[in-house]
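The values are calculated or read from the model by the stated rules, or taken from the named source; none is laboratory data. From a predicted model like this one, the values you see are computed outputs, not experimental measurements. All Cβ positions, glycine included, derive from the backbone under ideal geometry; neighbour counts span all protein chains shown.
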Amino acid sequence: MDTLHSAKILVLHGPNLNLLGQREPDVYGRLTLEQLNARLQAKAAELGASVECVQTNHEGVMVDTIQAAEGRYDFIVINPAAFTHYSVAVRDALAAVSVPAIEVHLSNIYQREEFRHHSVTAAVTVGQIAGLGAQGYLLALEAACGILNNRS
Ligand code: DQA
């Protein structure tokens, strides 16, 4: 990473997030994944960064994508969705790469069912944002650029 202006950020959306907008809108809002990704692109442009958005419903694809981020991206913004709560494989992939990550959840997982209160992935990320809806992703992008800028 040379300067803030060359920051390359991977946004990784986990299972069922392709259904945003129609999926439990009271919990996850009415914004579609396409609209969310468009907001992320606009925010990245504002920050002088570039963003690539990937969504997968498959644990192995998420692991492969995290592994492939090494050397290609400066930061990962990840919503591991259901994998958050049980995927040691996703956690280990995040721990295995030197690319720092921020974990994002649209909903406040701590206000929901007990099984959502624990994240197996959060401990290997820089930090977590939960409960702020789409705004949480935008804040994560800003935080990632701030962290990278402070390092350079
Ligand atoms: C989620 C919360 C998870 O518990 C859930 O499995 C999701 C989405 C969120 O963004 O609030 O799929 O990660």
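Scanning segment 98-136 for residues that are in contact with a helix residue (DSSP H, G or I) (Cβ under 6 Å, 6 or more places away or on another chain) and of a type in the set (A, V, I, L, M) yields a count of 10. All of (1) of a type in the set (S, T, Y); (2) in contact with a Lys or Arg (Cβ under 6 Å, 6 or more places away or on another chain); (3) free of Cβ contacts under 8 Å to residues at least 40 places away in the same chain hold for Y73 with one exception: (3). Does A134 count as among the small types (G, A, S) and touching a residue at least 60 places away in the same chain (Cβ under 8 Å)? Yes.
You will find that of A44, A38, the residue that is free of Cβ contacts under 8 Å to residues at least 12 places away in the same chain and either away from the ligand (no atom under 16 Å from the Cβ) or closer than 15 Å to I78 by Cβ (or both) is A38 and no other. When the residues of segment 1-57 are filtered to those that are of a type in the set (V, I, T) and farther than 23 Å from P100 by Cβ, the one that is surrounded by the most Cβ atoms within 10 Å (Cβ to Cβ) is T32. Remark: pairs (first residue in segment 104-124, more than 7 Å from the ligand (Cβ to nearest atom); second residue among the acidic types (D, E); Cβ separation under 7 Å; 6+ apart in sequence or on different chains) = S119/E103; T121/E103; A122/E103. Among the residues of segment 134-141, is there at least one that is surrounded by fewer than 21 Cβ atoms within 10 Å (Cβ to Cβ), more than 19 Å from P15 (Cβ to Cβ) and within 16 Å of the ligand (Cβ to nearest atom)? There is at least one residue in segment 134-141 that is surrounded by fewer than 21 Cβ atoms within 10 Å (Cβ to Cβ), more than 19 Å from P15 (Cβ to Cβ) and within 16 Å of the ligand (Cβ to nearest atom). The number of residues in segment 64-100 that are touching a strand residue (DSSP E or B) at 6+ places or on another chain (Cβ under 6 Å), within 16 Å of the ligand (Cβ to nearest atom) and polar (S, T, N, Q) comes to 1. Residues that are over 21 Å from L17 (Cβ atoms) and touching a Phe, Trp or Tyr at 6+ places or on another chain (Cβ under 9 Å) were ranked within segment 142-152; the one that is surrounded by the fewest Cβ atoms within 10 Å (Cβ to Cβ) is I147. Among the residues of this structure, R39 does not count as one that is in a loop (DSSP other than H, G, I, E, B) and either closer than 26 Å to I147 by Cα or not aliphatic (A, V, I, L, M) (or both).
For segment 64-73, the criterion of a residue being hydroxyl-bearing (S, T, Y), at pLDDT 95 or above and over 23 Å from Q41 (Cβ atoms) is satisfied by no position.
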